[in-house]
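Everything on this sheet refers to the single structure shown next.
The values are calculated or read from the model by the stated rules, or taken from the named source; none is laboratory data. Note that the coordinates shown come from a computational prediction; the quantities given were computed from them, not determined experimentally. With ideal geometry, Cβ positions are generated from the backbone for all residues, glycine too; neighbour counts draw on all protein chains shown. For the accessible areas, the whole protein counts, side chains as well, though only heavy atoms, and no ligand, DNA or RNA atoms are used. Shrake-Rupley method; radii C 1.70, N 1.55, O 1.52, S 1.80 Å.
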Amino acid sequence: MGQQPVGANQEPANLADATECVPRRLMNTALWVALILLGGLGWNSYESYRTSRSLSQRLLKLQELRGIILHSDEVLTMSAAMAAATGDDRWEQRYHAYEPILQDTIEQAQALVVQTSDAAPAGASDIAKISLGQMDAQVQQLMRGIPPEDVQPIFPGETYAALKRLYTDGMKDIAEHLQTSSKHTLEVSGVHSLRHVLFLLGLFAVLAGAWFYTLRTLRKMQERLAARTEELACANEDRDRFLSGMSHAIRSPMTSVLGYADLLLDSEPSAEERSQYLEIIRRNGQDMLTILGDLLDLSQLKAGQVSFELIEISPFEIIDEVVRFTRDQAIERSLGFGVEYEGRIPARIKTDLERVRQVLVTLVSNAIQFTESGGVRIVTRLVDADESEGQLLEFTVIDTGVGMTQPQVRSVFDPFSRSGRIDRRTGEGTGLGLAISRELARRLGGDLQVESTLGHGTRFIFTIDVGSLEGVELVEGPPVIRLSGHAPVAAELEALTGLRGRVLIAEDTPDVRLWLRSVLRKAGLEVEVAENGEVACEKAIAVREVGDSFDVILMDMQMPILNGYEATRQLREQGYEGAIIAITSHAMAGDREMCLAAGCDAYAVKPIDRQDLLAMLAGYLKPSENE
């Protein structure tokens, strides 16, 4: 028991790891995305800067070349005109000095313009260069071989004027292109800058959102972790209390069983003491059986392995069975015990008899246990369902006992809390019966609720779905039944002792085998035993071959060499038709069906009640001749 909290506390650690892992992954993902985006933005910014810088340098160079071209143009034009007008060699020398400068400058401008991938300024520079060449050719003709007196009519001629206009237009185009390119460069740089700013703002917003989302997610997970940790701590505390109570509930009756068994072995008690010791051993054994049954039922309910067998049965028969199971408890405590019916009750309902009886027996037994004076009543009536058009059958168990406080009412159905309906006088109870009863009630289509006031008794209201009532007769219940007599169990057992027949017991446990043989022989039966399934098959076949047979075979299903399932199958395959009753310690969902599928006729769960066993055998045997 001490290791249970350790195992349970490992869950918060695993939950904490998972809680820290998710935000860490989100942060890592966000950081990687941010790094990738920043890297792309940096590279894009670098390329934009490099392109803008290169373009700016070309534009500056073009501006510089434009100034040189304009200056050279003016010098060459003036030198050509003065050389043609005066014939002075100095103007010709000046012209030849500036001519290569202009040619080189135009070529540089043309190369820079081509780099901009724009054909318009390139074409303009070509026109200017061609015009300049043609101008130079005409000027050379003017300066060589043409008399000065003939220069005046030729120099202002249309050819020179046209070439001059082409040159001027080309230079104008270059200047306009430079201005347009500068403006375009500024606009592109502004757009790139604005784009980068917007991108940075968007990236910052994304990162900030991711950061805040991660923080919020982490905070929520931490809150869930804290809530889950607190829930597990409470569950561990309740489980420890529950296990402590279970340990007490099991060890106490076990102490009585072993202690009084030792007294029977080590001393020579009187007949009265012997009877008292045996009764104590039997009662405590029944208590341990009840505890084990509750634990099994709870585990089946939690695992969803409880199966329900719906059959048609009378509600009055259900109440009669509950009364038969619980009336002795009320009589022993000198309590009144009444059964009442309000209004008309369906003559037949479709439900699981065993589960309904289990819940009612638990409620009535609890009511008797917690009532010191007064009595207990079972009130049955038909009520309308709250959320459907159907109807529910309502059983109300009312006692005049000690009642409960409101905290006890709130926790009375908690399977891991002993603060519910536990006997405050004796400390008896495990806190399982009512939790199991509520689960069963809900699986039966109804519910289980409680109303109680300290010092004024308790009412448990148990409802079940009755199925379709179409064509079902509604009848008046019998008058109020008040029970005060006692029908001893001994009389009922007496009716089952006059049996005759032949029974084969297949059981590998010697103590159980001896007990079964003793009970059956006292009931008047002829008994043979087999320690495993193989021996049981051999004896059954051998008896049949001599023309005889066993009336019943009690077949333990868990035996060495050959288990009860295989033994039963082999007997059926060989044509054995006698009755076979399965005896097993397995009481989980589906075990009964497995036994029946193997060929068994009936099914009994250990530990076996003597009265139930004899009643089951009576259905396959004949009464003795002397009865």
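Assess whether Ala589 counts as being surrounded by fewer than 14 Cβ atoms within 10 Å (Cβ to Cβ), under 36 Å from the mean Cα position of the chain (by Cα), modelled with pLDDT of 80 or more and not aromatic (Phe, Trp, Tyr).
Working: surrounded by fewer than 14 Cβ atoms within 10 Å (Cβ to Cβ): yes; under 36 Å from the mean Cα position of the chain (by Cα): yes; modelled with pLDDT of 80 or more: no; not aromatic (Phe, Trp, Tyr): yes.
Criteria not met by Ala589.
For region 452-476, the set of residues classified as open to solvent by 20 Å² or more (accessible area, probe 1.4 Å), in contact with a strand residue (DSSP E or B) (Cβ under 7 Å, 6 or more places away or on another chain), among the β-branched types (Val, Ile, Thr) and in a loop (DSSP other than H, G, I, E, B) consists of Val472 only. Could you pull out the residue among Arg327, Arg283 that is touching a residue at least 60 places away in the same chain (Cβ under 8 Å) and basic (Lys, Arg)? Criteria check complete, one pass: Arg327.
Filtering region 332-362 to residues that are closer than 12 Å to Ile319 by Cα and among the polar types (S, T, N, Q) leaves only Gln358.
Conditions (1) modelled with pLDDT of 85 or more; (2) closer than 14 Å to Ile464 by Cα; (3) under 30 Å from the mean Cα position of the chain (by Cα), marked per residue:
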| site | (1), (2), (3) |
| --- | --- |
| Asn366 | yes, no, no |
| Val376 | yes, no, no |
| Phe395 | yes, yes, no |
| Thr426 | no, no, no |
| Gly431 | no, no, yes |
| Ser437 | yes, yes, yes |
| Arg442 | yes, yes, yes |
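Restrict the check to region 91-102 and report whether at least one residue is modelled with pLDDT of 70 or more, in a helix (DSSP H, G or I) and open to solvent by less than 30 Å² (accessible area, probe 1.4 Å). Yes, region 91-102 has at least one match.
Taking the stated definitions as given, is Ile561 under 16 Å from Glu507 (Cα atoms) and in contact with an Asp or Glu (Cβ under 6 Å, 6 or more places away or on another chain)?
On the way: under 16 Å from Glu507 (Cα atoms): yes; in contact with an Asp or Glu (Cβ under 6 Å, 6 or more places away or on another chain): yes.
In short, yes.
The listed residues are Tyr603, Tyr620, Tyr576, and the only one of them that is touching a residue at least 40 places away in the same chain (Cβ under 8 Å) and hydroxyl-bearing (Ser, Thr, Tyr) turns out to be Tyr620.
The residue of region 207-232 that is nearest to Trp32 (Cα to Cα), among those that are more than 23 Å from the chain's Cα centre (by Cα) and open to solvent by 90 Å² or more (accessible area, probe 1.4 Å), is Trp211. Only one of the listed residues (Met246, Met254) is open to solvent by 70 Å² or more (accessible area, probe 1.4 Å), touching a residue at least 24 places away in the same chain (Cβ under 8 Å), out of contact with any helix residue (DSSP H, G or I) (no Cβ under 6 Å at 6 or more places or on another chain) and under 26 Å from Leu298 (Cα atoms). That residue is Met254.
Residues are listed down the side, and each one gets a yes or a no for (1) assigned to a strand (DSSP E or B); (2) touching a helix residue (DSSP H, G or I) at 6+ places or on another chain (Cβ under 8 Å); (3) in contact (Cβ under 8 Å) with a residue 12 or more places away in the chain; (4) at positive phi:
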site: Val339; (1), (2), (3), (4): yes, yes, yes, no
site: Gln358; (1), (2), (3), (4): no, yes, yes, no
site: Thr371; (1), (2), (3), (4): no, no, yes, no
site: Leu382; (1), (2), (3), (4): yes, no, yes, no
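Across region 531-557, the number of residues qualifying as closer than 17 Å to Cys600 by Cα and in contact with a strand residue (DSSP E or B) (Cβ under 8 Å, 6 or more places away or on another chain) comes to 13.
Would you pick out the residues in region 341-356 that are assigned to a helix (DSSP H, G or I) and over 32 Å from the mean Cα position of the chain (by Cα)?
Step one: filter region 341-356 for residues assigned to a helix (DSSP H, G or I), giving 353-356.
Listed by number, the residues that qualify are Leu353, Glu354.
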